[in-house]
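Trainee: First, the structure itself, so that you have it in front of you.
The values are calculated or read from the model by the stated rules, or taken from the named source; none is laboratory data. Since the model is a prediction, treat every value here as computed from it, not as a measurement. Every residue, glycine as well, gets a Cβ built from its backbone with ideal geometry; the counts of neighbours run over all protein chains shown.
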Amino acid sequence: MQITSTPFLFLFLPAVIGIYYLIPAQKGLQLRNLFLCLAGFFFYTWGEPIFVLLLLGMIFLTWCFGKMAYKKNGTRIGKTAVFLTVAANLTVMLFFGKLSVVLSILSHLFGKDFSAFQTTLPIGFSFFVFSSVSYVVDIYRGQSNSADSFLQTVLYTSAFFRILQGPIISYRKFEGQLSDRKESFDAVGNGIRRFSVGLCKKIIIADTLSYIVNAILSSDFSGTNIYAGDAWLGCISYLVYLYFDFSGYSDMAIGLGQVFGFSIPENFNYPYISASVAEFWRRFHITLCVWFTEYVYYPVMLGPSVRFRKFLRQKSVPKPIVKTVQNIFVTASVWLITALWHGMNLNYLLWGVANCTTMLAEPYIKQIGSKRCNTIIRRVGLLFFLFLSVPLISTGSFQDALLFYRAMFTGFAAFSPAVFYYCRMYGLFLLIGVIGCFPVIPYIKKKISLFADGKYKKAWDIGSGILLFLLVLISLGYIFTRNTVEFLYQQ
């Protein structure tokens, strides 16, 4: 079930909110938590009925491994629990990711066609993996207690408002909210408002820009009449589309969390104003960056990296070189895992190498020229780096990416007739999207708040409320009259 679909917006969500708050709060949160778990499974069953049993099985294993790791920090049993958690989740991901290869081998061995059993990775499972690993590792480290009940594990790993695409939140930061959270009418109102903002970002901007993006990505860049204008416009449109699509979902998830009293961390903070790749990843998909820092970067740095450093020192390698090599080893390890999570193909491997190399070079780039000039150069350089990343993350193969690059740098400085048509149709939405990628609205709001009498702030609040209401009506109109586009991270 898409959270932008009519069944979700007009049936599922109102029913869940209504029943949730009809359950007496005096009896504690247990009944409400149970209801949210049931709602989550119903939500998941609607879209992935075959995989509900798999999800339940993986949640049960996660709970068992958490019990196994409880108060076993540093012991062999605790380490085994963590290893089994990672192994079980990776096994499922690799199985579905490479199922086509397995079926091809079976077809060859038995002389039968097994292609009918082909399927993709269950929706949201990669984000379930983050929750599963965080749950067991936090318990193993002693940062959290093992869940008092299986119900708490279920709600943490499969809450319907964040299972599909996050935002990712560690178990130790979510644990307290399972038994003690503040629910109020103000929180419900703020949550609905935040959900509405995300809905508008997704439906009005992202879904509209998908027409331009799809038209450009379906272009034939292998011919002789290739257009550089198409390629560069595709880069800009894709980056804006990606931002509004994913940040729109994050806003909706955060808003739904507020409706039920949960505090979900922010996931975006205007990433395109960054002055470096490192800063970009601290602003784009923030919770993913935090997760990789806590559960990949530090374990690698304090584990294999230390042993590697001792090995180099035993070989009498100079200390500055050891430090540099160690930094390369840790950063490369993190980006290798990040690239494989995004996609097990050459494109994402090269994308990971590019990000890793640039991050390692940035401390040296910062030393060039004056601070003001250097900052401008790095901001422009980051945007150019992002443009160059688009062919790798938006095309299906490395060959397609090469054709995209050829169009960018050797094509005609014009647009193809089809793309020009889409520009005339949806160019205004692209312009609004580009402006929305930068903190224009927060800047205006901050300036208005400086007026002492508060008259303008009140007018802003009323005006922005009316505007949001109108935009929601427009969004609903689009939902009724055209098919909604799947979120990028669900495709």
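Trainee: So if I check each of THR293, THR357, THR324, THR331, which one is under 25 Å from ARG172 (Cα atoms) and among the polar types (S, T, N, Q)?
Mentor: Answer to the check: THR293.
Trainee: Which one is surrounded by the most Cβ atoms within 10 Å (Cβ to Cβ), of the residues in the stretch 278-330 that are assigned to a helix (DSSP H, G or I) and polar (S, T, N, Q)?
Mentor: The selected residue is THR287.
Trainee: Kindly indicate whether any position in the stretch 164-181 is under 19 Å from ILE17 (Cβ atoms), of a type in the set (Gly, Ala, Ser), touching a residue at least 60 places away in the same chain (Cβ under 8 Å) and in contact with a helix residue (DSSP H, G or I) (Cβ under 8 Å, 6 or more places away or on another chain).
Mentor: No; the residues of the stretch 164-181 include none that is under 19 Å from ILE17 (Cβ atoms), of a type in the set (Gly, Ala, Ser), touching a residue at least 60 places away in the same chain (Cβ under 8 Å) and in contact with a helix residue (DSSP H, G or I) (Cβ under 8 Å, 6 or more places away or on another chain).
Trainee: Any residue at all in the stretch 298-313 that is of a type in the set (Gly, Ala, Ser), without any contact (Cβ under 8 Å) to a residue 40 or more places away in the chain and out of contact with any His (no Cβ under 8 Å at 6 or more places or on another chain)?
Mentor: Yes, that holds for at least one residue.
Trainee: I'd like the residue in the stretch 252-272 that is in a helix (DSSP H, G or I) and either at pLDDT below 90 or small (Gly, Ala, Ser) (or both) and, out of all such residues, is farthest from SER475 (Cα to Cα).
Mentor: Across the stretch 252-272, the extreme among qualifying residues is GLY257.
Trainee: Taking the stretch 405-450 on its own, how many of its residues are loosely packed, with under 11 Cβ neighbours inside 10 Å, without any contact (Cβ under 8 Å) to a residue 12 or more places away in the chain and of a type in the set (Phe, Trp, Tyr)?
Mentor: Going through the stretch 405-450 one residue at a time, the tally reaches 1.
Trainee: Quick one: which residue in GLY189, GLY176 is surrounded by fewer than 16 Cβ atoms within 10 Å (Cβ to Cβ), more than 30 Å from LEU471 (Cα to Cα) and at pLDDT 85 or above? Write out each step before concluding.
Mentor: Working: GLY189 fails: more than 30 Å from LEU471 (Cα to Cα).
Step by step, each of GLY189, GLY176 is checked, and only GLY176 is surrounded by fewer than 16 Cβ atoms within 10 Å (Cβ to Cβ), more than 30 Å from LEU471 (Cα to Cα) and at pLDDT 85 or above.
Trainee: While we're on this one: May I ask you to list pairs of residues, at least six apart or on different chains, whose Cβ atoms are under 7 Å apart, with the first in the stretch 272-292 being closer than 17 Å to GLN367 by Cα and of a type in the set (Val, Ile, Thr) and the second being surrounded by fewer than 18 Cβ atoms within 10 Å (Cβ to Cβ) and modelled with pLDDT under 90?
Mentor: If the second residue must be surrounded by fewer than 18 Cβ atoms within 10 Å (Cβ to Cβ) and modelled with pLDDT under 90, the pairs left are VAL277/GLU362.
Yes/no per residue for (1) in contact with a strand residue (DSSP E or B) (Cβ under 7 Å, 6 or more places away or on another chain); (2) closer than 25 Å to VAL290 by Cα:
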position: TRP341; (1), (2): no, yes
position: TRP351; (1), (2): no, yes
position: MET359; (1), (2): no, yes
position: ILE377; (1), (2): no, no
position: GLY381; (1), (2): no, yes
position: LEU392; (1), (2): no, yes
position: SER397; (1), (2): no, no
position: GLY411; (1), (2): yes, no
position: TYR421; (1), (2): no, no
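Trainee: Among the residues of the stretch 408-429 satisfying the criterion of being out of contact with any Pro (no Cβ under 9 Å at 6 or more places or on another chain) and among the aliphatic types (A, V, I, L, M), which is farthest from ILE216 (Cα to Cα)?
Mentor: Per the stated criteria, the residue is LEU428.
Trainee: Which residue pairs have Cβ atoms under 7 Å apart, sit 6 or more places apart or on different chains, and have a first residue in the stretch 314-330 that is within 23 Å of GLY352 (Cα to Cα) and at pLDDT 80 or above and a second that is of a type in the set (Phe, Trp, Tyr) and in a helix (DSSP H, G or I)?
Mentor: Qualifying pairs under 7 Å: GLN326/PHE308; PHE329/PHE308; VAL330/TYR297.
Trainee: Tell me yes or no: at least one residue of the stretch 23-45 is over 28 Å from LYS182 (Cβ atoms) and either in contact (Cβ under 8 Å) with a residue 24 or more places away in the chain or under 29 Å from the mean Cα position of the chain (by Cα) (or both).
Mentor: Applying the first criterion (over 28 Å from LYS182 (Cβ atoms)) to the stretch 23-45 yields 45.
From what is left, the residues that are either in contact (Cβ under 8 Å) with a residue 24 or more places away in the chain or under 29 Å from the mean Cα position of the chain (by Cα) (or both) are 45.
Yes; the residues of the stretch 23-45 include at least one that is over 28 Å from LYS182 (Cβ atoms) and either in contact (Cβ under 8 Å) with a residue 24 or more places away in the chain or under 29 Å from the mean Cα position of the chain (by Cα) (or both).
Trainee: Which condition does ALA275 not pass, out of (1) closer than 18 Å to PRO439 by Cβ; (2) of a type in the set (A, V, I, L, M, F, W, C); (3) in contact with a helix residue (DSSP H, G or I) (Cβ under 6 Å, 6 or more places away or on another chain); (4) in a helix (DSSP H, G or I), if it passes all the others?
Mentor: (4) is the only condition that ALA275 fails.
Trainee: Next question. Just to be sure, is PHE161 at negative phi, in a loop (DSSP other than H, G, I, E, B), modelled with pLDDT under 90 and aromatic (Phe, Trp, Tyr)?
Mentor: Criteria met by PHE161.
Trainee: Can you name the residue in the stretch 355-404 that is under 22 Å from SER219 (Cβ atoms) and of a type in the set (Ser, Thr, Tyr) and is also surrounded by the most Cβ atoms within 10 Å (Cβ to Cβ) among such residues?
Mentor: Once the filter is applied, the top-ranked residue is SER394.
Trainee: Write out, first by first residue and then by second, each pair whose Cβ atoms fall under 8 Å of each other, whose residues are 6+ apart or on separate chains, and whose first residue, in the stretch 456-480, is closer than 25 Å to LYS446 by Cβ and in contact (Cβ under 8 Å) with a residue 60 or more places away in the chain while the second is of a type in the set (Val, Ile, Thr) and in a helix (DSSP H, G or I).
Mentor: LEU468/VAL197; LEU471/ILE204
Trainee: Within the stretch 132-155, count every residue that is in contact (Cβ under 8 Å) with a residue 60 or more places away in the chain and part of a helix (DSSP H, G or I).
Mentor: 14
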